[in-house]
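**Student:** Have a look at the structure that comes next, please.
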Amino acid sequence: MTAPESLRAPAGPARRSLGRGQAPVVAVVALGGALGATARYALSLHWPTPPGGFPWATFWTNVVGCAVIGVFMVVITDVWAAHRLVRPFFGTGVLGGFTTFSTYAVDIQKLVDHGRPATGLAYLAATLLAALAAVWLASTAARRVLKRRQP
């Protein structure tokens with residue numbers, strides 16, 4: 001018994017295009033995400049946050065990750081014609097796994113739960129402002145450096 005035509009896998013060129021379609025992108029995002037999240041986890045183990053303390057590891061992870069994203073995007077858009085999987089691997093995967101705005105939200109809740117709402121509010125604002133400033137400053141600096149290097 002064979003499957004109805006509508007349920008059969010595509011044959012020929014349509015099937016071959018799957019390898020050039022989303023599967024490699026999903027694979028490199030997953031691999032990059034695993035690497036980035038592992039790096040973030042290692043950082044949190046080496047720089048733990050005491051209960052009710054300011055979550056410096058998460059703060060600096062997000063700020064540094066945003067700065068790297070700023071430089072990376074300038075390099076791959078203005079300088080380097082990167083392979084189509086570089087951006088999903090490094091930008092979405094590695095840096096998306098490394099930065100952690102979900103942990104940022106949990107950290108705010110923990111600060112409030114430990115009776116430190118002012119610290120939670122300061123952390124909320126400081127992370128947002130520092131992350132936005134980091135991506136802007138890093139991308140601006142990268143563009144200036146690259147402009148100076150041009151003849």
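The values are calculated or read from the model by the stated rules, or taken from the named source; none is laboratory data. The model shown is predicted, which means the values in this text are computed figures rather than measured ones. Counting neighbours? That spans all protein chains shown, and the Cβs are built from the backbone with ideal geometry, glycine included. The area values use the complete protein model at the heavy-atom level, side chains included, leaving out ligands, DNA and RNA. Shrake-Rupley method; radii C 1.70, N 1.55, O 1.52, S 1.80 Å.
**Student:** What helices (runs of 4 or more DSSP H), lying completely within region 1-108, carry at least 2 residues that are at pLDDT 90 or above?
**Tutor:** 22-46, 56-74, 95-98
**Student:** Could you please let me know if Gly115 is touching a residue at least 24 places away in the same chain (Cβ under 8 Å), among the small types (Gly, Ala, Ser) and outside any helix (DSSP H, G or I)?
**Tutor:** So Gly115 fits the description; yes.
**Student:** Another question, then. Just to be sure before I move on: is Leu146 over 28 Å from Ala30 (Cα atoms) and either in a helix (DSSP H, G or I) or in contact with a Gly (Cβ under 7 Å, 6 or more places away or on another chain) (or both) in the structure I sent?
**Tutor:** yes
**Student:** Can you pull out every residue in region 124-148 that is more than 16 Å from the chain's Cα centre (by Cα) and within 16 Å of Thr77 (Cα to Cα)?
**Tutor:** Result: Thr140, Ala141, Ala142, Arg143, Arg144, Val145, Leu146, Lys147.
**Student:** On to the next question. Consider Ala134 carefully, then state whether it is loosely packed, with under 15 Cβ neighbours inside 10 Å and small (Gly, Ala, Ser).
**Tutor:** Criteria not met by Ala134.
**Student:** Scanning for something open to solvent by less than 40 Å² (accessible area, probe 1.4 Å) and of a type in the set (Asp, Glu), does region 107-114 turn up at least one residue?
**Tutor:** yes
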